[in-house]
Structures are given as C-alpha cells and as structure tokens.
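Asker: Quick one: the structure is below, questions incoming.
What follows draws every value from the coordinates through simple rules; no lab data is involved. Computed from a predicted model, the values in this text were never measured in an experiment. When we count neighbours, we look across all protein chains shown, and the Cβ atoms used for this are built from the backbone with ideal geometry, even at glycine.
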Amino acid sequence: MLDNNSKINQGRLSERLSNEFRNDSHQPSGLRVLFFAEMWERFSYYGMRSLLVLYLINSLSFSRDNALELYGIYTGLVYLTPIYGGAIADKYLGKRRALLIGAFLMVLGHFCMVFESLLYVALGLLIVGNGFFKPNASSLVGELYGLGEEGKRSAGYSIFYMGINLGAFLAPLVAGTLGERVGWHYGFACAGVGMTFGAIQLLMGQDKLGRIGLKEHQNPVDFSDTKLILIWVGASATFVFATIYSFEFFSPWLDSLSKIQKLILELSLLAGVLVYLLNSKSNSPGELSSTAPKSNHSMSKSDWSRVIAILIVMLFVIVFWTGFEQAGGTMTLFAEQNTNRELFGFLIPTSSFQAINPALIILLAPLFSIIWIKLDSSKYSLSDIGKQSLGMIILGLGFLVMSHAQNLSDTLGRVGPEWLFMVYAIHTAGELMLSPVGLAMVSRVSPSKLSALLMGVWLLSSAIAGYMSGTLESILRNSDFSLYPFLATISISAGIILFILSPSLNKMMRS
C-alpha cells in the first residue's frame with residue numbers, strides 16, 4: 001500500500017508535470033529536495049516490507065503465524081506513529097527538525113537489521129523514525145506554495161507522488177533481489193544505504209526550503225543542529241529499548257491475553273498518549289497559528305453528523321486495507337511457496353512481485369483521472385462513498401481470483417505467475433478507487449476544528465488493518481473459513497452494504 005497522505009492528487013499525474021519538475025522556474029527548488037527524500041524513504045520502507053516475512057521464516061525460523069503477526073504489528077504501527085510524530089513536531093520541534101530526526105532514526109534502524117539479535121530494536125527504530133518523517137514530509141510539500149498557487153500545489157503533490165512510486169517500484173527489485181539472492185543482510189543494508197542518501201541530501205538541501213517547517217523562533221536548520229538531532233535520536237532509541245524491555249517484563253501476563261484483548265490494550269494506551277499530546281498542544285499559549293480558527297463554540301448538530309458519517313465509512317475502509325495488506329504477508333508467501341517463478345530460464349525473486357502495484361499505479365492513475373472526470377460530468381456519476389464501495393467490491397473480486405489460484409495450487413502444485421499478476425492488477429484498481437477518494441472526502445467534509453484529528457483517525461484505519469492483516473489467517477484457522485474466500489466474501493459484502501448506505505451517509509455529510 002502506497003503512502004496515504006500523498007495520494008490525494010495522484011490522478012493528475014502526467015508528462016507535463018515531469019517537465020515542470022525539471023524546470024525550477026515552474027516549481028520551488030525545495031520540491032526537488034523533498035522529492036528525493038521521500039523517494040529514498042519509500043525505497044527503504046518497501047525494501048523492508050518486501051523482505052521481512054521471508055527473512056523471519058527462512059532465516060530466523062519463525063513460524064508462519066508468528067512471522068505474519070510481527071509483520072502485522074510492524075505495518076500497523078508504521079501507519080499509527082505519524083499521528084504522534086506530527087503532534088510532537090507541531091508542539092516542540094518544528095517539521096524540519098522532526099523530518100531529519102526521523103530520517104536518521106530510520107538509517108539507524110535499517111543498519112540494526114543487519115544484526116539478528118537487534119531485530120526488535122531495529123523494527124522499533126524504523127517505526128518511531130517513520131512517525132517523525134512521514135507526516136512532516138507530506139505537509140512540507142504543501143507549505144512550499146502560497147495563496148493563489150493551487151494549480152502549482154496540485155502539480156507539486158503529483159510530482160511528489162511520483163517519487164513515492166519510484167521508490168516503491170525500485171525497492172523490491174533492488175533491495176529485495178539482493179536480500180534473496182546475495183544475503184538477507186545485504187538487502188537490509190541496501191535499504192539503509194538508500195535512507196542514508198535521503199538523509200544526507202535532505203540535510204544538505206535545507207537552504208532550498210527557505211523558512212517552511214520552522215517555528216517562529218527557530219533558525220534554518222544547518223549542521224550546527226546536529227547535536228539537537230542526535231539528542232532526539234538518542235532519546236528515541238532509549239524509548240525503543242525501554243519499550244521492548246517493558247514488553248519482555250510483562251510478557252507472561254500479555255501471553256495470557258487473547259489477540260483481540262492485546263489489540264484493545266495497545267490502542268487504549270496509544271489513544272491516551274494521543275489525547276495528552278493534543279490537549280497539551282491546544283492549551284499551550286503562543287503555539288496556535290494566527291490564521292487558525294479560534295472558536296470555542298461546541299460542536300453543532302451538523303458537525304456531529306459529518307463526524308459520525310466519516311467514522312462509519314472508516315469502519316468499512318478497515319476491511320479494505322486488511323485485505324490489501326496481504327500483499328506483504330500471505331501473498332508474498334504464496335509467491336515463494338505456491339508460484340512457479342521460472343520465466344524464460346530466469347527465476348523471478350519472490351519480492352519482485354511487490355513491484356507490480358506501484359508500476360501499475362503509475363500507469364493507471366492518469367486513466368482513472370480521465371474516467372472520474374467523464375463520469376462526474378455525466379448521469380452515471382458516483383459519489384465519493386460510491387467510488388469507495390466499488391473499490392471494496394473490486395478488492396473482493398481479486399480475492400476470488402486468489403482463492404481459485406490457491407485451490408489450483410493445492411490440487412496441482414505450483415501455479416504460474418500470471419495469477420498473482422492478475423490479483424495485484426485488480427487490487428491496484430480497487431486502491432485507486434478508494435484511497436485518494438477517501439482522503440479527499442475526509443479533507444473536504446471534516447469540521448474545520450477537527451480536520452487534523454479526523455485525518456489522523458482516518459489513517460488509524462490503516463493501522464488497525466495492518467495488524468489485522470497479519471493475524472487474520474491464524475484467527476480463521478479454527479473456523480469454517482479459509483483466508484482468501486473469507487476476504488472475498490467480507491470485502492464484496494462490505495462494498496455492497498456501503499453502497500446501499502451511501503445515500504444516507506451522503507446526506508449526513510451535506511448536512
């Protein structure tokens with residue numbers, strides 16, 4: 001799954017934007033800095049994602065269930081920590097310094113992956129680093145533009161989105177292949193080298209960013225800030241060590257809890273920290289922007305109606321991402337164990353299948369942009385909720401194909417790679433119908449006083465789904481359902497129910 005924060009404008013991808021990127025008179029020079037920083041960050045993340053489950057099972061002898069559960073925890077927290085990283089940047093650090101702290105934490109995390117004994121420390125550093133990096137990189141792109149530059153802003157986000165997809169496409173092919181063919185640690189180190197390039201060019205390109213992402217009293221970031229950055233990196237690393245030690249100390253009690261009880265406990269603790277951060281921010285004098293709305297009025301009935309509608313849609317979106325995130329888990333294992341990967345005498349690396357999604361997004365995004373424009377101006381137009389419901393149904397159809405491929409493999413042995421290609425293609429179409437449309441909907445519909453919080457809550461759906469994606473197979477093992485038929489059934493059913501509810505939900509959002 002590609003980064004959600006940066007997909008809102010993905011449909012405007014075109015060759016014209018590539019030309020603008022090459023000409024600094026059309027786009028701010030700071031966009032180039034953020035483009036490459038994000039490209040290398042996505043290279044590091046998708047390199048990690050393509051190798052993690054394979055490494056856990058084939059090198060560390062994890063069971064399938066334990067490997068998938070750890071994958072689910074990792075991907076879930078990757079989508080959760082940006083809420084906290086954004087709040088800390090707003091309150092204390094400023095976005096520029098938070099961005100650099102996140103970059104160096106991820107560099108440290110990737111190189112810790114080289115040592116088997118530091119597995120959990122490495123994952124913790126990557127998760128915390130992502131929390132600092134992700135929300136602030138996406139936000140800084142918007143700050144490059146002033147009032148009246150909406151056209152350039154849209155083009156800038158589309159260029160930024162190209163960086164995301166370029167990194168996501170290259171990572172499985174480069175880091176994944178190195179990890180599988182040369183050695184696991186070479187793949188992780190490759191991702192670390194990529195993130196190091198990103199951190200260095202981000203630090204050296206600070207002068208091109210002007211004053212964006214700086215708090216009022218802060219000077220532009222330069223090499224003299226290295227001490228502050230290292231202090232925060234050290235403090236964050238200490239937090240990771242302490243957290244891991246705490247989990248080991250309480251592990252006998254935690255082991256007695258069910259998976260659902262653990263999930264509820266973790267979300268409760270994380271929600272408590274988030275409430276503290278948000279409350280601290282709102283009560284701090286001098287921290288609010290002079291342009292931010294300063295209203296103490298309570299929520300109106302209309303506001304509550306829109307919030308409830310967004311939360312209802314979010315519950316359905318959890319179903320979508322739970323299925324979609326199988327790409328780095330069970331579908332990766334299907335590629336390794338159930339797919340004939342030999343093509344014209346060449347053995348396709350397992351991780352390379354994860355490059356299909358970003359490649360197809362780059363190819364299909366302009367097509368979907370044209371389709372939506374034509375549909376929206378015709379009598380067949382779909383609401384945002386209608387488009388998302390269709391995306392869920394299409395995801396379910398992909399799992400029908402996946403279920404058939406699994407049955408063929410169980411009967412005949414390994415199946416051809418075309419089955420996984422078909423599933424990835426179908427799922428990519430569903431993603432393009434749901435993800436950017438949903439984010440645009442939340443941005444447009446949210447009451448202004450809750451817009452940031454509701455966007456964070458919306459991203460929480462990806463965090464919950466990330467965890468569920470890794471544990472669902474083991475949960476279903478003692479039931480009458482197998483994984484892919486269950487995902488097909490629940491995705492199509494959720495899409496149909498959401499489509500039926502869409503008139504009522506649209507009415508609530510317009511109230």
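Asker: Taking K and R as +1 and D and E as -1, what net charge do the other residues with C-beta under 13 Å from the C-beta of Ala335 add up to?
Answerer: -2
Asker: Hey, fewest Cβ within 10 Å first, where do Thr339, Thr238, Thr226 land in order?
Answerer: Fewest to most other Cβ atoms nearby, the residues stand as Thr238, Thr226, Thr339.
Asker: Okay, next question. Mind putting a number on the dipole of the range 299-511 about its Cα centre? Charges go on the C-beta only, +1 for Lys and Arg and -1 for Asp and Glu, and I need it in Debye to the nearest 20.
Answerer: 880
Asker: Turning to a different aspect of this structure: Just name one of Thr81, Leu119, Gly146: the one whose Cα is farthest towards the positive end of the charge dipole of the range 73-160 (beta-carbon charges, Lys/Arg +1, Asp/Glu -1).
Answerer: Positive-end residue among those listed: Gly146.
Asker: Would you mind ranking Leu454, Leu99 by Cβ crowding within 10 Å, fewest neighbours first?
Answerer: Ordered by Cβ neighbours within 10 Å, fewest first: Leu454, Leu99.
Asker: Can you give me the P(r) profile for the range 299-511? Cα pairs, bins 5 angstrom wide beginning at 0, each as a whole percent.
Answerer: Reading upward from the zero bin: 1, 7, 14, 17, 18, 15, 11, 8, 5, 2, 1, 0, 0, 0.
Asker: For Val415, list long-range residues whose amide hydrogen, built 1.01 Å from N in the peptide plane, is under 5 Å from its own amide hydrogen.
Answerer: Answer set, sorted by chain and number: Thr339, Asn340.
Asker: Calculate the dipole size of the range 45-185 relative to its Cα centre from +1 charges on Lys and Arg beta carbons and -1 charges on Asp and Glu beta carbons; express the result in debye to the nearest 20.
Answerer: With only Lys, Arg, Asp and Glu charged at Cβ, the dipole is about 260 debye.
Asker: Can you tell me which of 189-201, 123-135 comes out highest on packing, and rank the rest after it, using the mean Cβ neighbours within 10 Å?
Answerer: Values: 189-201: 21.8, 123-135: 27.0.
Packing proxy ranking, top to bottom: 123-135, 189-201.
Asker: On to the next question. Tell me, Lys95, Lys227 in order of fewest to most beta-carbon neighbours within 10 Å? Can you show the working numbers first?
Answerer: On the way: Lys95 24, Lys227 9.
With the sparsest Cβ surroundings first, the list reads Lys227, Lys95.
Asker: Could I ask something else about it? Step through the residues of the range 362-375 one at a time and calculate ³J(HN,Hα) from phi using the Karplus curve (6.51 cos²θ - 1.76 cosθ + 1.60, θ = phi - 60°), rounding each to whole Hz and writing x for Gly and Pro.
Answerer: With the stated coefficients, the range 362-375 comes to 4, 6, 8, 4, x, 5, 5, 4, 5, 4, 5, 4, 5, 5 Hz.
Asker: Using 1/(1 + (r/R0)^6) with R0 = 25 angstrom and r between the beta carbons of Ser511 and Ile371, what's the FRET efficiency to the nearest 0.05?
Answerer: Computed FRET efficiency for Ser511 and Ile371: 0.30.
Asker: Run the simple label-point estimate for Tyr380 and Arg181 please: 7 Å along Cα→C-beta, distance reported in nm.
Answerer: So the label points at Tyr380 and Arg181 sit 4.4 nm apart.
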